[in-house]
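The values are calculated or read from the model by the stated rules, or taken from the named source; none is laboratory data. Note that the coordinates shown come from a computational prediction; the quantities given were computed from them, not determined experimentally. Every residue, glycine as well, gets a Cβ built from its backbone with ideal geometry; the counts of neighbours run over all protein chains shown.
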Amino acid sequence: MDSKLVRKLRPYMAAILLQFGYAGLGIIAKSALDKGMSHYTFAVYRNIAAAVVVAPFAFAFERKIRPRMTLSIFAKIFLLALLEPVIDQNLYYIGLKITTATFAAAMCNTVPALTFLLAWLMRLESVNVRRLHSQAKIMGTIVTVGGAMIMTIVKGSIIELPWTKGNSNSTSIAQDNDPQQFIKGAIMIGAACICWSFFYILQAITLKSYPAGLSLTGLICMLGALQGTVLTLVATRGNAQIWSIGWDTTLLPSVYSGLICSGVGYYVSGVIMKEKGPVFVTSFNPLNMVIVAVMSSFILAEQLNVGKVAGATVIVIGLYLVIWGKTQDQSISAYPQSELNHQSLEDQTSNTIVTKAISVDSVV
C-alpha cells in the first residue's frame, strides 16, 4: 500500500516542488534585473549553466536508450530551444523588469488555460463536455484564469503585515506613475506565456519520438544558448559590457535558473508529462503566484492587498477543480475495458439463454 501511495503522490509532489523552484527564480531574477543585468545575457547564461550540468548526466545514463537523431527530431528540438530558452525567457524578463515578481507570477497563471486549449485541439487531452470530470477541468481552467485577473486588476486596501508595514515597493510606485510601462510589461509576459504553452505541447509531442529526457533537456539548453547568443549579438550590436558577470547577485540568478528552472525543470516536467500529460504539469502554475506573493512580502517588502489574497483563493479553487478532473480521467480510463468485459459476459449469458429457449421450443 505504501509503495502504491508513493507512486500516486510522486507526480503531485514533483509538480509542487517545481513551482517552488520557479517561485525562487521570480524573486532573485527580479533583484538582478533591477540592478542592471541584461535580460539577453541572463537567458544565455541560464541555458549555458543548464547545458553544462545536464550534458554529462545525459551522456552517462542515456547512451543505450537515446534514439537516433533524425531531421524531424532535430527540427522539433530546434523549435523547442527557440520557443522557451530564447523567446519566452527574454520576453518574460523584460516584463518582469518593469512590473513586479508577484504580477509576473500572476500572469503566468494563463499558461494552464492556454495549454489546456492547445492540448484539446491537438488531441493530447481527452475532453467530453457531457461528463462531470471534463466540465470540472474546463471550469477549473476558467476559474484559474479569473483568479489571475483578480490579482492583476483588483487592488483593494493594503493588508498591513509586520514586515511590510511602512514600506513601499519601488516597482509598485513606478506602476502608478507610468501605467503605460506596466501595460507593456503585461503584454510581454502574456506573449511569453503563449510561447511557454506551445513549448509544453511540443515537448510532450517530441518525447514520444525522443524519450531520452536528459538528452532532450541538454540539447534544448545547448541550442537555446547558441540561439540566444546570436540574438544578443544582433540586438546589442556587439556590446561587450553586458557580458560582464561577477561573484554577486548577477551570478546567482544565472546559475540557479539554469540548474533548477531549466535543467531540473525541463526534465522533471517531461517525466510528469509521460504519465499525466502537459495539462497536469501546467495546472500547478497558480501555486507559483501564491508562493511568490508570500516570499516577495518577506524578501522584497511587496505589500499584499485584498485583491491579491482574493485572487489567490480563487486560483487555488480552480487548481483543485482541474486536479479532481484529471484524477477522474485516470479512474475512468480503465473503465471501458471492464465495461466491455462485463458486456461480453452479459452477451454470452443472453446467448446461452436464447439457445436453451430455442432447444426447448423445438422439443415441444
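What to note about this one:
- Tallying residues that are basic (K, R) and either at pLDDT below 75 or surrounded by fewer than 21 Cβ atoms within 10 Å (Cβ to Cβ) (or both) within the stretch 131-160 yields 2.
- A191 satisfies every condition listed in (1) outside any helix (DSSP H, G or I); (2) farther than 30 Å from F61 by Cβ except (1).
- Checking K76 against (1) farther than 18 Å from W247 by Cα; (2) of a type in the set (D, E, K, R); (3) modelled with pLDDT under 95, the condition it does not meet: (3)
- Selection count, the stretch 1-34, where residues are more than 21 Å from the chain's Cα centre (by Cα) and either surrounded by 12 or more Cβ atoms within 10 Å (Cβ to Cβ) or closer than 20 Å to A105 by Cα (or both): 4
- Search result, residues across the stretch 13-38 that are outside any helix (DSSP H, G or I) and without any contact (Cβ under 8 Å) to a residue 12 or more places away in the chain: G36
- So A310, is it modelled with pLDDT under 60 and out of contact with any Gly (no Cβ under 7 Å at 6 or more places or on another chain): no
- Under the condition of being under 29 Å from G311 (Cβ atoms) and either without any contact (Cβ under 8 Å) to a residue 60 or more places away in the chain or within 17 Å of the chain's Cα centre (by Cα) (or both), the residues counted in the stretch 64-95 number 9.
- Test for Q181: is it at pLDDT below 80 and part of a helix (DSSP H, G or I): yes
- Only listed residue being at pLDDT below 80 and surrounded by 14 or more Cβ atoms within 10 Å (Cβ to Cβ), chosen from S168, S172: S172
- Every test in (1) part of a helix (DSSP H, G or I); (2) under 22 Å from the mean Cα position of the chain (by Cα) is passed by P211 save one, and that test is (1).
- Taken together, W243, W196 contain a single residue that is surrounded by fewer than 18 Cβ atoms within 10 Å (Cβ to Cβ) and more than 19 Å from A58 (Cα to Cα), which is W243.
- For the stretch 90-118, the set of residues classified as touching a Cys at 6+ places or on another chain (Cβ under 9 Å), part of a helix (DSSP H, G or I) and of a type in the set (S, T, N, Q) consists of T110 only.
- Unmet criterion (only one of (1) surrounded by fewer than 21 Cβ atoms within 10 Å (Cβ to Cβ); (2) outside any loop (DSSP other than H, G, I, E, B); (3) modelled with pLDDT under 85) for I205: (3)
- Filtering P253, P278 for residues that are more than 27 Å from Y40 (Cβ to Cβ) and either more than 11 Å from the chain's Cα centre (by Cα) or touching a residue at least 24 places away in the same chain (Cβ under 8 Å) (or both) leaves a single hit, P278.
- Some residue of the stretch 39-56 being assigned to a helix (DSSP H, G or I), modelled with pLDDT under 90, among the aliphatic types (A, V, I, L, M) and touching a Pro at 6+ places or on another chain (Cβ under 7 Å): no
- Qualifying positions in the stretch 215-232 - aliphatic (A, V, I, L, M) and under 18 Å from the mean Cα position of the chain (by Cα): L216, I220
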